[in-house]
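Presented below is the structure to which this report refers.
What follows draws every value from the coordinates through simple rules; no lab data is involved. Everything numeric in this text was worked out from a predicted model, so none of it was measured. Glycine gets a Cβ as well: all are built from the backbone with ideal geometry, and neighbour counts include every protein chain shown.
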Amino acid sequence: MSMQVRDLIKAVRGCKTQQKIREVITRESALIRNSFRKEDKINRPRNIYKLIYIHMLGFPSEFGQLECLKLIASPSYIGKRIGYLGLSILVKENQEVLFMSTNIIRNDLSSEDRYIVGLALAALGNIGSSEMLRDLAPEIEKLMESESSYLKKKATLVAIRTIRLVPESVDRFIGKVRTLIGEKNHGVVLTGLQLVLSIVKTEPETIVKFRKLVPGLVRMLKSLINSGYSSEYDFRGTADPFLQYNILRLLRYLGEGSKKSSKLMADILTQVGTSGGITKNVEIAILYEAVLTILSIESDSKLRVTAINTLSRFLSGRHNNSKYVALNTLLKAVNTEPKSLKRHRKVIVECLKDQDISIRRRALDLVFGIMDKQNVESLTQELLDCLPKAENEFRYDITAKICTAIEKFPPNDKWQIDTLIKVLTIGGQYIRDDVSSMMTSVIGRNPDLQYYTSKKLFNILLNDRYRNQTFLQVSSWVIGEYGDILMQKSEKDGELITTTQALDLFQILLESSRTTDGTKYYILTALIKFSTRIEGHDELIKKIIKPYREHVNVELQQRACEFFLLFDYSEIRDPILDRMPVFVEKEIELEIEEEISENNNKGMNYNLQENTHTIQNQINNIQNIQNIPNVQNTQNTEMNELLMLNTDTKKTQTQNKQDSLNFLKEIFNGSSSSNTNNMNNMNNNMNNNMNNNMNNNMNNNGGQDLGLDLGLGLGLGLGLGMNNQSQRQNQNKMQMQKQQNQNQTINQNKNQNQNQRQVQNQSQNKSQNQNQNQNQSKVQNQPIIVYEKNGMKIEMNFKVGNIRGAPAVMSIIKTTNSSPLLISNYLLQVAVPKTLKAQLSQPSGQNIPPNGNGSINQQLQIIKMVNQKTQLAILLRINYVINGQKIVENKEVSNIPIIF
Amino acid sequence: MIYFLLLANKQGKIRLSKWYQNFTKKQKTKLQKEVVSLCLSRSQRSCNFIEWNDYKIIYRRYASLYFMICCDTEDNELIGLEIIHHFVEILDKYFGSVCELDIIFNFQKAYNVLDEVIIDGKLQDSSKKSILRSVGTQDFLILNAPETGTLNL
């Protein structure tokens, strides 16, 4: 005799270890199996109960499935009840047992006893498979018309499952809706409304038909709200919130896209949306649903403002749950209702201080969402204020948002710098890497700020030198770069900043164990820059750098050695360490973005904007698609090959035995006898490389790369030129400065071979070039149709400018489709001559809708790699699918009126 | 729509689980574990919603028991809480101030009540009275059935 269910539960609860439980269950399972084998009818119900319990504990229970079938096949209600419960818990969908149960269920569905029918319906609704539901659909349909509302509501829910699993059966149930909704019984109406919702979601075309229900629904909602207390449907003062919720939800689907229906429901929505308190969860739930409906349908602006105000009321309430839903909804409304949202700035900001992280996160997103040029200052300040109190993980989010805000809506450069410094000091260790480059670019283009920033950073450093590493890196870069300005101006201002003070500070930082090696790179670079900015401190700087020539970190060692050696070549030291050129990259990107957004009024702007920031596809030629790092590598190897050629010619003694210096040594000493042409080529090449290195710095903005690549790239490029002829030194020096103005560089390179007429020609050529550029840009703004076939048209417009100091052509490629067919899988590839480098951004989409209803925009940048005049020619490969046909075509674009 | 409903105690022991979506046994065990540990680890001050994979977990604690439902992300979270509360109130009336032990020893009854409240993840009736009435009638049927005496559950 096996034990009772109750005893089994007690036995399990009495077990102290999992092992013991397992023992009990194994023993019991064996007994149950045995009993099943013996066809023990009396104990069958009890065994099934036990198995359900065993199943809940996570032990195997599958062997009881067939027994459940036997139970539901028994005539008694009690057997069926236990059997169906076992079936719904022990049996999974898509099992044979389920299939076998279909006939029994069919019988039960036509039973006289409505509770047996109810059991069968519940089982069908909870576990019915698509086959079963398809088979039994006629029965379900019949039961939906049953006289008993108990069965009606159950059958309706089964119908919903049928629609979900067998969507084609939807037509069968559409006709039932009207009577169900017209019922008095709330349960039936409730399930009826859910049925309409599921039909509408499965077959959106039916919405038009169901719009006829709107007046009835509005009446129903009205009577619910205005009805007095009814004990049956009262939920802490709210009349049947579930019914209200479903009506509101359905109104939302019916009102979307229909001004007429939306108008019909406007009054009642105003009533629901404005009345009612916000203290109880039920009340808030209904208000919230009403707000969602108002925001989704075609409401007038007044109603929308009411909705936003209601959400703002939630925010100032004390329920976290309502804050959460309000913030979520406001986030969605940020794009459609920016104005009314901004009015609730205060409450939103208040949510930044909530104890619940999910609320804070959403509040942060929202604060960022409502940010614009007018409120950026105060909102950023709020974000800065909550930075120190936030947990580490959240700090990353906050700093990221602040940085984006600084980049996106700066009211002025000074504010930008101030805020950047604030973020750096408070949350520098939680900051994304490119903040340093943002900072340097702002300072670079704004000479007025150079002194201000360096002084400010210097003073912070003096007072508290153990700030975070990012801060140390940025400040040492700035102080090194603008050291001369800092010293000169502070003297005038009577500030007590001296060079020795700065050098001492650097030394302390270098020696501190809290400074990471990555930061030390920056400090070393700053030191060497100082030697050129301010005269008379070479010995001291040498003394500081000296020990690092034997530092255990190879990177640091190499820098120290290179820098130390630079003192012996004071003629080249200056140009190498010359002021960084102004970054122009950002403005160009912005310009292009603006143009794109003008061309594009469908909200693609955001998309494209992101694309310009992501790694852009570089397509050098059609077969060979490379991304930026690869390109960089190939160039580096080219450079190395060139270097090898020259270094073979002559070798001289070296003073330093450090291995890491070999590279530099060879360059310095290598090529005194090589011919001028070769040298010029090399110089060109080097310059390009230098540009590239610098571009890389600005692009990647990796904190550590900044200093390193500069040192090496500049050093190498110049070193070559220097040793050849002393005259060239001057040229190279000048060449360095000309980074800022590529027109000048072009001229300089021309002049290099002639060594004369420099100054006169320079100005002449410059003005000529400028004129040319102006003329060209006038011509090129006209778009050229480069491809037209199958209704697809590709237009390009060209614009000459420069990107990161190199002459470049920027182009926007616009593809439209005037054919009646959809163009899909659109892919454009671009190839340019080897002397140019092309960068193609991600397209704004892959598919172009027919009849000119949309376009794909892509941005192409062509950068000139070699200093010679080039006729711009582009080879396009166009891939797309139209009418199921895959088309690949090559097209050469040679009629571009650009020589650059 | 509710994809599944779980009832667990503070220690994470499952007291009731009902699945309205097709999951394999392995998936069920995994989901159950994840959801329960997620809900148990929440601080009391946090809101009662968790965005989880493509779903939303709505949970509420009643004494030592956690009621959790897994819904569509677009569902009204506050109504979700109301559905939980609706179910709890019905259990409370049915058992007469329900506690964990009631559900442990009478899990089959709890399942029966649930089947009267929710089918296929959707609410069946908003009237507690009508639900309790039908559960009561069915219990009465069982009590008076001739074979009940021999069953000895």
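A few notes on this one:
- Per-peptide average of other Cβ atoms within 10 Å, ordering A:509-521, A:837-849 highest first: A:837-849, A:509-521
- Averaged over the residues of peptide A:8-15, the number of Cβ atoms from other protein chains lying within 10 Å of each residue's Cβ is 1.
- Simple spin-label estimate for B:K13 and A:M3 gives 1.4 nm between the two label positions (7 Å along the Cα-to-Cβ direction from each Cα).
- Compared with the dominant principal axis of the Cα atoms in chain B, helix B:107-117 is inclined by about 80°.
- Cα gyration tensor category, rounded, prolate or oblate, for the range A:304-396 with a/c compared to 1.5: oblate
- For the pair the range A:40-69 / the range A:313-340, the C-alpha centres are spaced 49 Å from each other.
- On the beta carbon distance between A:K260 and A:Q868, with R0 = 56 Å, the FRET formula returns roughly 0.25.
- Over 24 Å between alpha carbons, listed pairs B:K109/B:K129; A:K10/A:K38; A:K401/B:K33; A:K10/B:K26; A:K332/B:K26; A:K492/A:K546: A:K10/A:K38; A:K401/B:K33; A:K10/B:K26; A:K332/B:K26; A:K492/A:K546
- Exercise: per-residue mean of other protein chain Cβ atoms within 10 Å, A:76-84: 4
- Protection proxy ranking for A:494-500, A:40-46, A:398-404, using the average of other Cβ atoms within 10 Å per residue and placing the highest first: A:398-404, A:40-46, A:494-500.
- Extension gain, A:R37-A:R343: 0.36 nm per intervening residue step, less the Cα-Cα distance, totals 102.8 nm.
- Approximating the spin labels as points 7 Å out from Cα along Cα→Cβ, the A:S110-to-A:A73 distance works out to 1.9 nm.
- Using the Cβ of A:P833 as centre and a radius below 15 Å, the other residues enclosed give a net charge of +3, where K and R count +1 and D and E count -1.
- FRET efficiency for the A:E298 to B:L40 pair, using the beta carbon distance and R₀ = 41 Å, is estimated at 0.40.
- Rough spin-label spacing in nm, given labels placed 7 Å along Cα→Cβ, for B:T24 and A:I784: 5.8 nm
- Subtracting the Cα-Cα distance of A:F99 and A:R219 from their residue separation scaled by 0.36 nm leaves 38.8 nm.
- Neighbouring partner chain Cβ atoms per residue of B:46-58, average, 10 Å criterion: 3
- With Cα atoms, 0 to 90° folded angle of helix B:128-144 axis to chain B main axis: 40 degrees
- Peptides B:52-65, A:77-90, ordered by how many other C-beta atoms sit within 10 Å of their residues on average, highest first, read A:77-90, B:52-65.
- The separation of the range A:417-447 from the range A:76-91, counted between C-alpha centres, amounts to 68 Å.
- Helix axis angle, B:25-40 relative to chain B longest principal axis, alpha carbon, degrees: 70 degrees
- Working from Cα pairs under 8 Å separated by at least six residues, relative contact order for chain B is 22 percent.
- Stretching A:D372 away from A:E555 to a fully extended chain increases their span by 61.6 nm, per 0.36 nm per residue minus the current alpha-carbon distance.
- Rounded, prolate or oblate (a/c below 1.5 giving rounded, otherwise prolate when a/b exceeds b/c) for the range A:106-202 by Cα gyration tensor: oblate
- Förster radius 30 Å - calculated FRET efficiency between A:R27 and B:K109 (Cβ-Cβ, nearest 0.05): 0.70
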